[in-house]
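Report on the structure given below.
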Amino acid sequence: MKAYPTDAALSELDADLVAVGLFEGESPGEPLGSTAGADDASGEFKSTVTVYPGKPERVAIIGLGEREQFTPERARVAGAVSHGALRAVKGEALAWLLPGAGDPGPIAGALVEGAALASFEFDRFKTGSDGKEAPPELKSIEIAGPADVGEAVRIGEAVANAGNRARYLQSLPANVATPAYLADRAGEIAAAHETVSVEILDRNGIIAAGMGGLEAVAKGGSEIEPRLITLRYNGGNDGETLGLVGKSVTFDTGGISIKPSAGMHEMKMDMSGGAAVLEAVAAIAELGLEINLIAVLPATENMPSGTALKPGDVITQLNGKTVEVTNTDAEGRLILADALVHCAHEGADRIVDLATLTGAVVIGLGSTYAALISNDDPLAEEVTIAGEQSGEMVWRLPLHDEYKQLTRGSITDLVNASAERKAGTIYAGSFLEEFTEGRPWAHIDIAGTAWDTGREYWGKGPTGFGVHLLVALARQLSQ
Ligand code: BES
Ligand code: MN
Ligand code: ZN
């Protein structure tokens, strides 16, 4: 999808569908107002009526709700609604007349994002033999308006395309999107940008490096080999180096502490954090943001087998801390622990990790907010603002010594899961904090927001949650 700004007037737009917003209590201006059918249009948020003024051929009048309540998030939703109208007429080219409310740049970017994200479809495994026409693809979005929104539109395009690439990775089944596949994707990103380099460790490299957590989780899978993927982006000379860590469990069976079979297939999405980090790095490199990144993806399956990690096994993580693995289904924290230490040792000044880490966060926050856990108020504040701006919102949960006590072992430094199921999301965060090597760190638990949120521009299935948040964060930190 390509997006670009234009200063063409409404009558000159030749997209398959031109979308025009209408606020509550207002009426469409001329010449639209006198077009047949325009009276049916309303400002009710998310409503849509298509009319045919001639020039342009087709206009969807989209309700934007109250003028005062119009935000980029509402624009994202309106963008998704407009894509529905475009799809209904099998169009490929969309144009939006920029609504005259709110901050023009963020609104323009959000319209692009909403429409492009709503167009995501995963049809790689459809054979097309059912005689149905292939669905039209969204090819272009023009944003028409007097305001100078070129930069915002360029960012919206990069963010939406990266989000959709992450969603594609999330959708791929575990027999395709293996750790080696993710490593190949990292290699592609490095090959496409001079500012990006990649380093891959295989099983032997992981063992030799002392990453006992990743080694242990990967022991169950003998066919599918693990990878430790490190991407570096150099865009900021001697500015801050931000560390990014993404949980990349390409399939989580639970291991010997095996999960129930109902719904287990969805655990192909347990690499959503890694997918978001990968494609955010690609978007940040594409935009040339002035920041340095070290992105780390610990990638493995979590499988039961004769060689698998067993409940009660003791492992040693990369920083020397020992862990009794009381539950092999709490595997994410074991691989993230090594990845966080590695990221810090490689030179990250501050670290943000994204992980589909706990079922508890789905209970606590549903699909609306991801959980944020941090040892640093300024970083937590930056992440929260990036979340608000991107629509990928986070809600901070506390750290406290009493939670920390729950993670203490009787024969080891730490246990990876407690029998009392207290504060599952915070427990995991408290565990991870042991591996931040004194760096300011923010952990984002996306188990509830990575899949099936039902939000208008994401629908069911993958969301790419985190891509936009990380790009927004990188933009903030590079200013
Ligand atoms: N990958 C899961 C968490 C998850 C749950 C992701 C639902 C997406 C949707 C994680 O590895 C896991 O199994 N966590 C356990 C931890 C428990 C054993 C301490 C959980 O939350 O049940
Ligand atoms: Mn698990
Ligand atoms: Zn998992």
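The values are calculated or read from the model by the stated rules, or taken from the named source; none is laboratory data. Since we're looking at a predicted model, the values are computed, not measured. Positions of Cβ are backbone-derived with ideal geometry, glycine not excepted, and every protein chain shown enters the neighbour counts.
So, in segment 229-250, exactly how many residues are within 14 Å of ligand 3 (Cβ to nearest atom) and over 18 Å from the mean Cα position of the chain (by Cα)? Counting residues in segment 229-250 that are within 14 Å of ligand 3 (Cβ to nearest atom) and over 18 Å from the mean Cα position of the chain (by Cα) gives 0.
Remark: Leu469 falls outside the filter, which requires a residue to be assigned to a helix (DSSP H, G or I), crowded, with 16+ Cβ neighbours inside 10 Å, modelled with pLDDT of 95 or more and within 16 Å of ligand 2 (Cβ to nearest atom).
Would you pick out the residues in segment 197-218 that are surrounded by fewer than 22 Cβ atoms within 10 Å (Cβ to Cβ) and not polar (S, T, N, Q)? Across segment 197-218, the qualifying residues are Val198, Glu199, Ile200, Leu201, Asp202, Arg203, Gly205, Ile207, Ala208, Ala209, Gly210. A Cβ distance below 7 Å, combined with a sequence gap of six or more or placement on separate chains, defines the contacts here; from segment 388-413, residues that are more than 30 Å from Ala80 (Cβ to Cβ) reach residues that are surrounded by 12 or more Cβ atoms within 10 Å (Cβ to Cβ) and at pLDDT below 95 in the pairs Leu406/Ser418.
On inspection, Lys268 does not qualify as over 19 Å from Ala348 (Cα atoms), more than 16 Å from ligand 1 (Cβ to nearest atom) and touching a Leu at 6+ places or on another chain (Cβ under 9 Å).
Can you find a residue in segment 339-351 that is within 28 Å of Met264 (Cα to Cα), touching a Pro at 6+ places or on another chain (Cβ under 7 Å) and crowded, with 16+ Cβ neighbours inside 10 Å? Yes, segment 339-351 has at least one match.
Within segment 53-69, one or more residues are touching a Phe, Trp or Tyr at 6+ places or on another chain (Cβ under 8 Å) and of a type in the set (Asp, Glu). Hey, can you tell me all the residues within segment 220-255 that are within 16 Å of ligand 1 (Cβ to nearest atom) and surrounded by fewer than 22 Cβ atoms within 10 Å (Cβ to Cβ)? Residue satisfying the conditions is Gly254 alone.
Of the residues that make up segment 193-216, is at least one within 25 Å of Leu309 (Cβ to Cβ), in contact with a Ser or Thr (Cβ under 7 Å, 6 or more places away or on another chain) and assigned by TED's automatic domain parsing to the domain that holds Val314? Checking segment 193-216: at least one residue is within 25 Å of Leu309 (Cβ to Cβ), in contact with a Ser or Thr (Cβ under 7 Å, 6 or more places away or on another chain) and assigned by TED's automatic domain parsing to the domain that holds Val314.
When Arg165, Arg124, Arg154 are checked against the criterion of being closer than 25 Å to Val249 by Cβ and either at pLDDT 95 or above or buried (at least 22 other Cβ atoms within 10 Å of the Cβ) (or both), a single residue qualifies: Arg165.
Could you count how many residues in segment 367-416 are β-branched (Val, Ile, Thr), farther than 24 Å from Gly243 by Cβ and over 19 Å from the mean Cα position of the chain (by Cα)? Residues that pass the stated criteria total 3. Exactly one residue out of Ser272, Ser257, Ser261 is in the same structural domain as Val217 (by TED's automatic domain parsing), among the polar types (S, T, N, Q) and under 19 Å from the mean Cα position of the chain (by Cα): that is Ser272.
Filtering segment 393-442 to residues that are on the phi > 0 side of the Ramachandran plot and either part of a strand (DSSP E or B) or more than 16 Å from ligand 1 (Cβ to nearest atom) (or both) leaves Glu437, Gly438. Considering the conditions (1) closer than 27 Å to Thr453 by Cα; (2) in contact with a Phe, Trp or Tyr (Cβ under 8 Å, 6 or more places away or on another chain), Ala144 is excluded by exactly one of them, (1). Number of residues in segment 338-366 that are within 13 Å of ligand 2 (Cβ to nearest atom) and at positive phi: the value is 0.
In a residue-by-residue description of segment 291-299, the property of being within 12 Å of ligand 3 (Cβ to nearest atom) and closer than 21 Å to Leu214 by Cα applies to at least one position.
Return the residue satisfying two criteria in turn: it lies in segment 249-265 and is within 13 Å of Thr356 (Cα to Cα) and hydrophobic (A, V, I, L, M, F, W, C), and of such residues it is farthest from ligand 2 (Cβ to nearest atom). Selected residue: Phe251.
When each of Lys247, Lys268 is tested for being touching a residue at least 24 places away in the same chain (Cβ under 8 Å), closer than 26 Å to Gln476 by Cα and of a type in the set (D, E, K, R), the lone residue that passes is Lys247. Total residues in segment 316-337 satisfying the condition of being under 19 Å from Ile207 (Cβ atoms) and either within 16 Å of ligand 2 (Cβ to nearest atom) or in contact (Cβ under 8 Å) with a residue 12 or more places away in the chain (or both): the figure is 14.
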